[in-house]
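Here is the structure we will look at.
The values are calculated or read from the model by the stated rules, or taken from the named source; none is laboratory data. Everything numeric in this text was worked out from a predicted model, so none of it was measured. Because the Cβ atoms are built from the backbone with ideal geometry, glycine has one as well, and the counts that use them run over all protein chains shown. What goes into the accessible areas is simple: the full protein's heavy atoms, side chains included, and nothing from ligands, DNA or RNA. Shrake-Rupley method; radii C 1.70, N 1.55, O 1.52, S 1.80 Å.
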Amino acid sequence: MKINRRDFTSQLGALALARRFWTQPAFADVSSPLQRLAADKGLIFGSCLALKYFAQSPFYQQLFLEQCDVATPEIHMKWSALSSQPGVYNFETADSLVTFCLAHRIKVRGHTLVWHDAVPTSVLAALSPATGQAFMTEHIRKVAGHFAGQLYSWDVVNEVLDPGSQRADGLRDTPWLQNCGVDYIETAFRCAAAADPMAMLVWNENYLELSNGFGRPKRSAMLTLLDKMLAGGVPIQGIGIEAHLQAEQAGVLGDESYEAFLAELAGRGMKIFITELDVQDFTLPADPQARDQAVAGLYRKFLTATLRQPAVKGILTWGLADCFSWIAGYRPRQDGLPVRPLPFDAECKPKAAYYAVAESFESAPMRT
Ligand code: XIL
């Protein structure tokens with residue numbers, strides 16, 4: 001990549017500013033990085049990652065390397081990040097992320113091959129029942145083939161269930177469903193397995209953790225479809241539970257029906273991962289300490305229930321430090337205060353949520 005002098009000077013300026021404002025973080029004092037506490041129990045721990053964060057904070061890279069042994073590219077492997085025209089791909093940034101992670105022995109979770117979001121408009125415009133299947137399978141072959149042998153897992157499909165679509169099978173009404181037919185999920189898994197036989201193939205899904213009128217139908221739709229796919233020999237090895245928790249939903253999290261659902265997945269031979277954990281603090285008090293305690297309480301409640309299930313093999317938060325959380329854009333607070341959804345604060349210092357995650361790992365049963 002060429003960089004002109006003006007860009008270079010402004011980047012230097014940004015770095016100088018960052019150095020002035022970022023105080024030395026306290027995470028060096030944290031004797032127990034989360035990845036180590038997780039590994040003690042046979043678990044992996046990590047976070048999503050976008051490379052720009054390392055340029056924006058001089059401490060974030062150190063924090064990331066210290067805490068994580070697995071990473072999910074937050075943006076770089078999504079269809080629209082890899083391609084803007086059908087068939088034309090640029091893997092440069094995604095390759096840099098993979099190279100960086102593998103050089104530091106960090107596993108990479110590929111994210112994601114088939115999603116209703118982040119599809120280039122040029123591809124959407126060209127989709128039809130006549131072209132849909134070829135678009136989807138060629139994308140999977142191209143992308144999964146490109147990274148073959150390097151990735152720990154692939155989120156083959158993402159967020160494919162939605163009770164809001166009001167279908168008996170629970171599937172989300174998406175361009176893929178409309179243009180590839182109801183079997184597109186199984187086709188995607190078969191195609192991914194052929195393109196990268198080494199990666200664990202995962203179905204990543206949101207809101208499964210909610211024991212309410214939204215989460216429960218998603219769970220039963222997943223189990224029904226899973227049974228059909230497994231009976232047909234579809235190569236699926238894992239389930240990703242995103243777990244973007246909301247503070248106001250504490251009452252419908254981590255109950256017996258959730259644990260029973262995890263047991264159903266385990267009984268079907270699935271490995272389970274919490275893939276995008278964070279806590280939206282939209283409704284919590286302004287006071288940072290009170291807020292941090294409430295956020296930590298949710299981490300503790302959710303992880304305690306989750307980690308009782310031995311088929312749960314890994315936990316990933318969606319970011320490590322509050323300054324790099326998507327929640328700032330997705331669900332900002334009405335009072336305009338910075339959001340505090342993650343285990344580390346904006347200066348990369350551990351918060352109550354860090355200790356909640358650490359204690360949950362310490363009290364988790366050992367995986368075999
Ligand atoms: C989010 C990223 O964090 C944002 O930066 C981006 O603008 C939109 O996507 N579920 C997923 C993730 O599976 O890929 C999403 O990531 C968050 C919700």
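The set of residues from region 155-213 being open to solvent by 30 Å² or more (accessible area, probe 1.4 Å), among the polar types (S, T, N, Q) and in a loop (DSSP other than H, G, I, E, B) comprises Gln166, Asn212. Quick one: is Ala311 modelled with pLDDT of 95 or more and surrounded by fewer than 22 Cβ atoms within 10 Å (Cβ to Cβ)? Yes. Within 21 Å of the chain's Cα centre (by Cα) and more than 13 Å from the ligand (Cβ to nearest atom), is that true of Phe64? Yes, satisfied.
In region 112-120, the count of residues that are out of contact with any helix residue (DSSP H, G or I) (no Cβ under 9 Å at 6 or more places or on another chain) and either open to solvent by 10 Å² or more (accessible area, probe 1.4 Å) or modelled with pLDDT under 95 (or both) is zero.
Would you check if there is a residue in region 38-56 being within 19 Å of Val143 (Cβ to Cβ), crowded, with 22+ Cβ neighbours inside 10 Å and of a type outside the set (Phe, Trp, Tyr)?
Step one: of region 38-56, the residues within 19 Å of Val143 (Cβ to Cβ) are 48-51.
When the remaining residues are screened for being crowded, with 22+ Cβ neighbours inside 10 Å, the result is 48-49.
Pick out the ones that are also of a type outside the set (Phe, Trp, Tyr) and you get 48-49.
Checked region 38-56: at least one residue is within 19 Å of Val143 (Cβ to Cβ), crowded, with 22+ Cβ neighbours inside 10 Å and of a type outside the set (Phe, Trp, Tyr).
Which residues, taken from region 326-349, are under 17 Å from Gln61 (Cβ atoms) and buried (at least 22 other Cβ atoms within 10 Å of the Cβ)? Matches in region 326-349: Leu342, Pro343, Phe344, Cys348.
So, in region 32-53, how many residues would count as being under 18 Å from Lys349 (Cβ atoms), assigned to a helix (DSSP H, G or I) and either within 16 Å of the ligand (Cβ to nearest atom) or of a type in the set (Lys, Arg) (or both)? Total satisfying the criteria: 1.
Quick check on region 106-117. Is at least one of its residues away from the ligand (no atom under 16 Å from the Cβ), outside any loop (DSSP other than H, G, I, E, B) and either among the aromatic types (Phe, Trp, Tyr) or farther than 24 Å from Val160 by Cα (or both)? Yes, because at least one residue in region 106-117 is away from the ligand (no atom under 16 Å from the Cβ), outside any loop (DSSP other than H, G, I, E, B) and either among the aromatic types (Phe, Trp, Tyr) or farther than 24 Å from Val160 by Cα (or both). Residues in region 133-154 that are open to solvent by 10 Å² or more (accessible area, probe 1.4 Å), part of a helix (DSSP H, G or I) and of a type outside the set (Asp, Glu): Gln133, Ala134, Phe135, Thr137, Arg141, Lys142, Gly145, His146. When the residues of region 300-330 are filtered to those that are assigned to a helix (DSSP H, G or I) and small (Gly, Ala, Ser), the one that is farthest from the ligand (Cβ to nearest atom) is Ala305.
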